[in-house]
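Below is one structure, written out as structure tokens; the observations come after it.
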Amino acid sequence: MIIGKKPHDHGGQRQFARAGGPEGEIIVALTLKAYDMSDAQQRIDELVKSNEVLLFMKGTASFPQCGFSGRAIQILKACGVDPKSVKTVNVLEDDGIRQGIKEYSQWPTIPQLYVKGEFIGGSDIMMEMYESGELAQALAAKAA
């Protein structure tokens, strides 16, 4: 079987599989949905720059899909931030964003918190900053 990829004009790629048998050759074409990483990077950049408090997470503020994302929401609540005022991006809904945010921040894990366009960190760093009082200060300074 030979597999090759060609760009497709609808933003994805068309993958071709070729297999030979006694009756001849069969070619199958599948369209794969794929986002151009530069498109994902552009969408991420727009989100980061246009939201005061932004959390890339697995799930939503009201229904986190992993413990670390839930912990990030709880830390923000403990800092006095109303979860409804936080823009959240569910990375499970968009693989381009899920992979692209790791490249954008050069940080390998999710969740990721941004305040006024500045990358703060993941849930471990958020916890350290919360415990030292730095996170509340950063959130208060950015709100002013």
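Of note:
- Residues of the stretch 88-141 that are loosely packed, with under 14 Cβ neighbours inside 10 Å and in a helix (DSSP H, G or I): Glu93, Asp95, Glu103, Asp124, Glu128, Glu131, Ser132, Gln137, Ala140, Ala141.
- With respect to being within 18 Å of Cys66 (Cα to Cα), among the β-branched types (Val, Ile, Thr) and in the same structural domain as Lys77 (by TED's automatic domain parsing), Val91 fits the description.
- Unmet requirement for Arg71, which otherwise passes all of (1) under 18 Å from Tyr130 (Cα atoms); (2) buried (at least 19 other Cβ atoms within 10 Å of the Cβ); (3) modelled with pLDDT of 95 or more: (2)
- Some residue of the stretch 11-25 being closer than 24 Å to Leu139 by Cα and either in the same structural domain as Arg98 (by TED's automatic domain parsing) or at pLDDT 50 or above (or both): no
Quick grid of which residues meet (1) of a type in the set (A, V, I, L, M); (2) under 12 Å from the mean Cα position of the chain (by Cα); (3) modelled with pLDDT under 95:
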| site | (1), (2), (3) |
| --- | --- |
| Asp45 | no, yes, no |
| Asp82 | no, no, yes |
| Pro111 | no, yes, no |
| Ile120 | yes, no, no |
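- Qualifying residue in the stretch 69-77 (condition: closer than 21 Å to Asp45 by Cβ, β-branched (Val, Ile, Thr) and either over 11 Å from the mean Cα position of the chain (by Cα) or not assigned by TED's automatic domain parsing to the domain that holds Arg43 (or both)): no
The values are calculated or read from the model by the stated rules, or taken from the named source; none is laboratory data. From a predicted model like this one, the values you see are computed outputs, not experimental measurements. Here Cβ is always computed from backbone atoms with ideal geometry, including for glycine, and neighbour counts include all displayed protein chains.
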